[in-house]
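Take a look at the structure set out below.
Any read-out appearing in this document is the output of simple, stated calculations on the displayed coordinates, not a laboratory observation. Note that the structure is a prediction, hence the values are computed from the model and not measured.
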Ligand SMILES: [Mn+2]
């Protein structure tokens, strides 16, 4: 039995199937966990999500998965650009909604002492803290809205701040507030993983600009920018071996 964590799929269905074949995935023995952003931007969001439901994959929700949840639960309320209409109009839309609502923000696997999350773990949090916060966000998941102003641990709405950490965080200010604008490392801002000091390993996606590289061995990035014509990557937790397929979406 093997446990694989797949990086940001973003609706790249052909690459998902090629990667699944490459690892000889056996649904009776192996487990698939997606590190979020399974949909949006790519060319076949519907088939991706139906396939992941079919193989009983688990997901740590990303910002684009939250956008889909928002569209499913309060239609017409989001002005953000998306290409999720085929899911929203599908006869299984409510089934998809229920499946997504039951996914997680964070998955901690004791046997690997590893935590999976879409964007990251705020450096001020212990494992006990973030498991509690993730549960709180999950309880409110169907009503969560995008709130780009929730960047401060001290002054922001708690649930919105936690949501932004789990699903959108990349760079931090000196006071550990989130910067939700920049993605490059050559700024005065600090990547969250440079300040991360807990003992468990973190596997995360969301930051394709890193192309799988971080400066902290305890943090492993697996977003290799498939939807930007690069690669779709997964990691096998038993031996931390990475597998990838090239993008064919162009
Ligand atoms: Mn993301």
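Tabulated values for the structure
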| read-out | value |
| --- | --- |
| Normalised contact order of the chain, rounded percent, pairs of Cα under 8 Å and 6 or more residues apart | 23 |
| The chain, helix-only ellipticity at 222 nm - DSSP H runs n ≥ 4, -39,500 (n - 2.57), divided by all residues, nearest 500 | -8000 deg cm²/dmol |
| Shape call, region 1-159: gyration tensor on alpha carbons, a/c limit 1.5 | oblate |
